Every structure is written in structure tokens, then in C-alpha cells.
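Here the structure is laid out as C-alpha cells; the discussion comes afterwards.
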Amino acid sequence: MSKSFAAIKVTAMSSPLLLQQVSDTLTSLEHTFKTMDQDKDGKDLEDYKRLLTRMEKLCDQAQKTHTRLMIDAEQSYFQPAIDNVALHLQEHYNNTPHADGPLVYNTYQMYLKNALGRLQQDYTRAHRNGYVLAAKLVRGAYMVNERKRASELGQEDPICTDIEATHKSYNAGVDFMLGEMVHQQQKHDSIKAQGGEYNSLSLKSSPVVLFVASHNKDSVIRTCERMQELGLSPQSGLVMFGQLMGMCDQISYTLGQHGYGVYKYVPYGPIHHVIPYLIRRAQENSSVLGGVTVERTLLWEEVKSRLVKQKNAHIQPIVPAGPATAL
């Protein structure tokens, strides 16, 4: 090894203005971290480290039991910290190819104006650092609270201006994730064409995995149609769907019957926690309330149909409408 040295001025390698801007940003961040622990006892940072330790233990246990974890989205003023935890865990647990796919999923509330940008930014980080971005897309469930708080604090409303803007944001998020899958498939095809080792796109090789958590029929149909257009197989496991247990079962069963991965979400906990959660889920998508009427009509038609069959055939066994996997 050479014993010589070389002195380098970084300002010669880039614009001094850029370096000044970066320095100002880092100085600002340093000040922010100092003010985070206002009483100077170091407890806040220790508490945050304990949070990460708890989450890592949870991931370790989930890994042992082959259980994938979905980190729920919460109010926007908690979300940057939650995202930081989720990305930390994804970097540590989604970096090894596995037949079951990535372990940790983060949730994106697409009714937030910044949701699509955050999703794209997180993918860039995941791609750069070599781990899989596993994303669950929802519309959002804290609209009343978010708008009230923003108004009281004189801040910009973080929620999309109307339902159509939310639909557009949700669809854009789905399109982005599907697009990255197709881009990876094209890379594989190019390698195959050049005679290289080829692996079909799967949970082991895809840079992204998408969980479409929606009770909105149009969103589900649109996603399925886009998958068909792009040549993405329902059986690949790269795109999954989910609805609450007892809600929009006609959507869940139809997806299952056509080979899509579909899960029924079962809230578990004390009733005083679970009921408000379910109310927020219903408020998240008002079409769910209308869907209850649709389900009641479908169930009544099915009952009448089976009664007629039993009358004609004396006895007819009742079987489930179709497969659906429970969370």
C-alpha cells in the first residue's frame, strides 16, 4: 500500500452553492435533533431506540412463524416517524430473497397530497439500498381529524381536495407499483434474450410487492385490468387484495375464484378500541355503506336460489361462495 497522501478540496468537485445549501440543511437538522429532547435528559432518544428494539423483536418472531407484518398508517403528524421505523425495518428484513416474499409492509394513505411522492421516494431509497419495497395502499381514515387540526393550526390541508383527487392519487400509486414490476420483468427478458441466466418475476425477484387494501369495486377492477394489460399473473403473489372481514365479501370471493391472492382483515382487541377502528374504516370509503345493501340483496338472491334447488333436488349441500384467505 502506498504511504503517500492526496489533499482534496470538495468545493472543487461541485458547486459551492450546492455545498452551502446542503450545509444549511444539515445545520437545521442538527438543531432539530437538539430541540427534540427539550429537557436534555436523553430520554426521548432512548425511548426511540427502545421502540426500534421492540419492533425488531416483533419482526424476528414474525420471521420465525412465517408471518408478514403490515405497519398501519396513522395521522399525518405521526407518519414521518412511523415511515422512518418502517423503512428501517424493511432495510433490515426485506433485503434477502424469500419464497414468502418480503416480511415488512408499510401503509400509504393515498388521500394525502404527498402520498404518491413519498411512495416514489421510498422506492428510490429501497432500490438504492437493495431491499424490497412492500407497500399497502389505502385511501385513508382520518380525514375529519386531519382537516380540523390543520384548520386550527392555520396549516395547509394535507388531504386531497375531493374524492376524485383521492381516486386519482390511489390509481397513480397502483400504476407506479405495477410499472416497476413490469420494468423489472423487461430487464429479466433482456437478460434472457442475451443468453444470460433468467429468472421469471416472482416474490423472490421483484423489487416491489403491492397490497391493494380497498373496498372500492372500481379500484379493484381497474387494478385487475391493469395487471392483465401488463401481463402480470394473479398467481405470482406480487399483487394481493384485502378487505375487512364481513365487508364487500362479493369482491373478495370473486377475486379468490379468479386466482387472485385475497385476504380478509380481522381487527382484534378490546371492543372500545375495535369499534372506533371499524367506524373509521367505514368512513374511509362511503361506498362501503352502500355495499352493505348490495351484499344483502346478493345474499337474499342466493338464499332464494338455494331454496329452489333444494325443493327440486330434495336436498342440496350449501358450500362457501369461494376461497378467501384470512389474515
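Read-outs throughout are calculated quantities, based only on the coordinates presented, and are distinct from any laboratory measurement. Note that the structure is a prediction, hence the values are computed from the model and not measured. Neighbour counts run over all protein chains shown; Cβ positions are idealised from the backbone, glycine included.
Any chance you could run the full-extension gain for residue 43 through residue 152? It's 0.36 nm times the residue separation minus the Cα-Cα distance, nm to one decimal.
On the way: separation 109, 0.36 × 109 = 39.24 nm, distance 3.00 nm.
Result for the pair: 36.2 nm of gain on full extension.
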Q: Bin all alpha-carbon pair distances of segment 53-109 at 10 Å intervals from 0 and give each bin's fraction as a whole percent.
A: 23, 55, 20, 2
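Subtract the Cα-Cα distance of residue 54 and residue 84 from 0.36 nm times their separation in residues, and report this length gain in nm to one decimal. Don't skip to the end; give the middle numbers.
Details: separation 30, 0.36 × 30 = 10.80 nm, distance 1.46 nm.
Contour length minus Cα-Cα distance gives 9.3 nm.
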Q) Label points 7 Å out from Cα along the Cβ direction at residue 62 and residue 24: separation in nm? A) 4.0
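FRET efficiency for residue 200 and residue 228, Cβ-Cβ distance as r, R0 = 22 Å, nearest 0.05? If you can, show how the numbers build up before the last one.
Details: r = 17 Å, r/R0 = 0.79.
Here the calculated transfer efficiency is 0.80.
Assuming 0.36 nm per residue, please report the length gained on full extension of the stretch residue 186 to residue 165 beyond their Cα-Cα distance. Please report the intermediate quantities before stating the final value.
Numbers: separation 21, 0.36 × 21 = 7.56 nm, distance 3.09 nm.
Extending this stretch completely gives an extra 4.5 nm.
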Q: List 15, 252, 76 from most exposed to least, where exposure is judged by having the fewest other Cβ atoms within 10 Å.
A: 15, 76, 252
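Can you sort 275, 82, 71, 251 so the residue with the fewest Cβ neighbours within 10 Å comes first? Each step should come with its number before you reach the end.
Working: 275 12, 82 16, 71 19, 251 23.
The fewest-first ordering by Cβ neighbours comes to 275, 82, 71, 251.
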Q. Can you sort 266, 138 by how many other beta carbons sit within 10 Å, fewest first?
A. 266, 138
